[in-house]
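Taking it in order: structure first as structure tokens, then the write-up.
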Amino acid sequence: MSKLVNEDYPKQDKPVSDNQLKKIAEAQYKAEQASKIDKPKGFPTEIVELPSKGKLYPEGHTLSSGKIEMKYMTAKEEDILTNQNFIKNGTVIDKLLQSLIVDPIKVEDLLVGDKNAILVAARILGYGQDYTFKYVNPTSGEEEEVTVDLTEADDKELDQNLLIEGKNEFEFELPTSKMLITFKLLTQEDEKKIEAELKGLKKLNK
């Protein structure tokens, strides 16, 4: 008759504490999350420079280097772009960028300006630098078709003299009251919080 329990395995003299169990569970969770990350293997990648130059991210953060590595689009990213669930809940762009970015970061950590630059880079890498669209000419009032070169779009330069100790904080003097205020540039996470708060306010107004 076979043994169901390995009696030869050494028994522990002391029971495992709650703190030890917690650490074991956390380690297992982190290992599981790391295994779920779909890292590109064999796909060509490009280094994209961030408009912020990485100066508005905490020291030691991956984005503080001012550069980010992203891969070219594949059929997987095409499926993300056409996923109706992602489109309806407004997460399709975040899902796309998270799939394209090779570096281990969260899209929520990106400054809005950096996110827009990465999105333009993804468009160039996936479909080319020429972007064609239609608009109504304000002079003639007629609809015209225009093609622009996305690689010629310039980043808005950051005035580093306004930075406070290299943090995502800026000082500005109000023109009328002359009061000195401090503000920050929004990240993707900030935008989500604002959007959630606005939705809550709409419900209250009703």
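Solvent-accessible area of region 98-175 (1.4 angstrom probe, protein heavy atoms only): carbon and sulfur portion equals 48 percent. Between LEU198 and ILE87, the C-beta separation translates, for a Förster distance of 25 Å, into a calculated FRET efficiency of about 0.75.
Given the pairs LYS55/LYS184; LYS67/LYS193; LYS55/LYS115; LYS156/LYS199; LYS106/LYS199, which span a C-alpha to C-alpha distance of over 22 angstrom in this model? Write out the running numbers ahead of the final one.
Details: LYS55/LYS184 13 Å; LYS67/LYS193 26 Å; LYS55/LYS115 15 Å; LYS156/LYS199 31 Å; LYS106/LYS199 24 Å.
Going by Cα-Cα distance, LYS67/LYS193; LYS156/LYS199; LYS106/LYS199 fall outside the 22 Å limit.
Could you put TYR72, TYR57 in order of accessible surface area, largest first, with the 1.4 Å probe and the full protein assembly present?
Ranked from most to least accessible, the order is TYR72, TYR57.
Placing a label point 7 Å from the Cα of GLU171 along the Cα-to-Cβ line, the residues of region 57-91 whose backbone N sits under 20 Å from it are 57. In the context of the full set of protein chains, residues of region 54-121 present 50 Å² of accessible surface per residue (probe radius 1.4 Å, heavy atoms only). In loop segments of region 43-140 as defined by DSSP, the GluC sites (Glu not before Pro) with at most 13 further C-beta atoms inside 10 Å of their C-beta are GLU59. Subtracting the Cα-Cα distance of LEU163 and THR182 from 0.36 nm times their residue separation leaves 5.8 nm of extension gain. Specify the inter-centroid distance of region 169-189 and region 118-151, based on alpha-carbon positions, in whole Å. Cα centroid to Cα centroid, the span is 33 Å. Solvent-accessible area of ILE87, all protein chains in place: 80 Å² (probe radius 1.4 Å, heavy atoms, ligands and nucleic acids excluded).
Work out the length of the dipole vector of region 93-139 about its Cα centre, built from +1 on the beta-carbon of each Lys and Arg and -1 on the beta-carbon of each Asp and Glu, and round it to the nearest 20 debye. Walk me through the numbers on the way to the answer.
Values: 5 positive and 6 negative charges, 45 e Å.
Using only the charged Cβ atoms, the result is roughly 220 debye.
The values are calculated or read from the model by the stated rules, or taken from the named source; none is laboratory data. If you're wondering where the values come from, they're calculated on a predicted model, not measured in any experiment. Virtual Cβ from ideal backbone geometry, glycine too; neighbours counted across all protein chains shown. Keep in mind that these areas ignore ligands, DNA and RNA; they rest on the heavy atoms of the full protein, side chains included. Shrake-Rupley method; radii C 1.70, N 1.55, O 1.52, S 1.80 Å.
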